[in-house]
Amino acid sequence: MMNPPELFARIYTRHGHRCPMSTLGGRLGLAAMKWLGDSAGELQAVYGNRTCAMDGIAEATGCSEEAGTLVVKSDGRHALFLQSSQASIEVELTAEALEMACRYRSLCNRLESGWDGLEAEEQARRRTEMEAMLDELLPQFWQAEDRTLVKKKVLSF
Ligand SMILES: [Zn+2]
């Protein structure tokens, strides 16, 4: 198993588990920070969905709900709006990124069905299977090019 790059290690610590959406939130935050460029002053972030991605975004941008600089709009889009005093940008997960995350989610749904009725040994076997899928999937998210995972829309300069 590969060790996560430093940012993603911090995301998983903050988030409490490894998962595709917290990882993709990190990629969204990173891409938005890069495309926004150097900016003075406080950043303000808005995300369209309350998902695991929030922790990734928080860790990558420094914005947080506690500080009031990260808010959820709940419009169902996997899009992050990030604004500095000089510029703003919107980045959104691509269909490909969401499909990759969804494949993992469906596997989990299948493996977790009837969980409480399973023998401990079977639960352990299934957990190992889910972990193995993450070991394969997460490095792809760490390494993919921005354009594979993220669409950008420059809103204003
Ligand atoms: Zn998660």
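We did not get these values from a lab; they are worked out from the coordinates using the rules stated. Predicted model, so just to flag it, every value in this text is computed and none were measured. Note that each Cβ is placed from the backbone with ideal geometry, even for glycine, and that neighbours are counted across all protein chains shown.
Projecting the Cα atoms of Ala67, Pro139, Met33 onto the charge dipole of the chain, computed from C-beta unit charges around the Cα centre, puts Met33 farthest toward the positive end.
Sparsely packed loop sites in segment 1-87 (the trypsin sites (Lys or Arg not before Pro) outside DSSP H, G, I, E and B with at most 16 other Cβ atoms within 10 Å) comprise Arg50, Lys73, Arg77. Only the Cβ atoms of Lys and Arg (+1) and of Asp and Glu (-1) were treated as charged; on that basis the dipole of segment 69-157 about its Cα centre amounts to roughly 520 debye.
The residues packed around Leu118, meaning those with a beta-carbon under 15 Å from its beta-carbon, carry a net charge of -2 if Lys and Arg are +1 and Asp and Glu are -1.
Count Lys and Arg as plus one, Asp and Glu as minus one, and take only other residues whose Cβ is under 14 Å from that of Gly76; the net charge is then +1. Overall, the chain carries a charge dipole of about 420 debye about its Cα centre when +1 sits on the Cβ of Lys and Arg and -1 on the Cβ of Asp and Glu, all other atoms neutral. A protection proxy built from the mean count of other Cβ atoms within 10 Å ranks the segments 119-125, 83-89, most packed first, as 83-89, 119-125. Size descriptors for the chain, from the alpha-carbon set: Rg then Dmax equal 16.7, 58 Å.
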